[in-house]
Amino acid sequence: MDTLAKSKSGLEAITEAIVILKAFYAKGAKAISLAQASPVDEDTAGPGFTGNYGGKQVASKGIIGMLAVIKTDFERTIKMTSDSEKKAQADFVEFDRVSRTDISGKTTKKTLDEEDLRTTVAAIAEGMSKLQTEMSLLDSALKRLFELKPMCTDFGMSYADRVAKREQEIDALKRAICALGGECS
């Protein structure tokens, strides 16, 4: 903004200076002298020119040319700065939109992730409760199994003794069947 303000101010000043100088040199080229000969001119070399003073017309073209170059420099600075500002503004607007969209998307994702986390924590808590219940049931079943195992497997006898005892029980049952009037073998 400072560059634009200074460039515009300089452009106005240089334009005004060019107009003033062109008017001065244009009038100077057409100047008519109504002065009479001065008695001082006879005693001295005079003012350094003869006839009407019209300014240095040849040098004026160089001066006005340099001022025109300076004017185009101001115009170019204004144009380049304005274009740069427009591009920077457009880039900012695009960046701002992209940033807001990105932030909005990430905020939504964060909200959804937090909901997923709460759901997962609740599911884990429920699963742990169920696991605890199942572990308690398993523990009580294993305890009961260990209590019943000696009755099923521990007879205090070897395999051969158990076979002999079983054979005796079978013979006793067969005699009982015969005694009751069943088929004897």
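The values are calculated or read from the model by the stated rules, or taken from the named source; none is laboratory data. Please read all numbers here as calculations on a predicted model, not as lab measurements. Quick reminder, even Gly has a Cβ in these numbers, built from the backbone with ideal geometry, and neighbours come from all protein chains shown. Each accessible area value is taken on the protein alone, full model and side chains, heavy atoms only, with ligands, DNA and RNA left out. Shrake-Rupley method; radii C 1.70, N 1.55, O 1.52, S 1.80 Å.
A simple spin-label model places the labels of Met1 and Asp91 2.0 nm from each other, with each point 7 Å out along Cα-to-Cβ.
Shown for the stretch 110-185: lysine pairs separated by 8 or more places, or found on different chains, whose C-alpha atoms are under 29 Å apart, numbering 4. With the whole protein complex present, Lys130 retains an accessible surface near 120 Å², based on a 1.4 Å probe. Accessible surface comparison of Tyr159, Tyr25, probe 1.4 Å, protein chains only, largest first: the order is Tyr159, Tyr25.
With a simple spin-label model that places each label point 7 Å from the Cα along the Cα-to-Cβ direction, the separation between Met157 and Glu75 comes to 12.7 nm.
Sparse packing (at most 10 other Cβ atoms within 10 Å of the Cβ) combined with a DSSP loop state is found for the following GluC sites (Glu not before Pro) in the stretch 134-185: Glu183. Among the protein heavy atoms, those of Thr3 account for about 70 Å² of accessible surface (1.4 Å probe, every chain in place). Here each label is just a point 7 Å from Cα along the line to Cβ, and for Ser9 and Lys27 those points are 2.8 nm apart.
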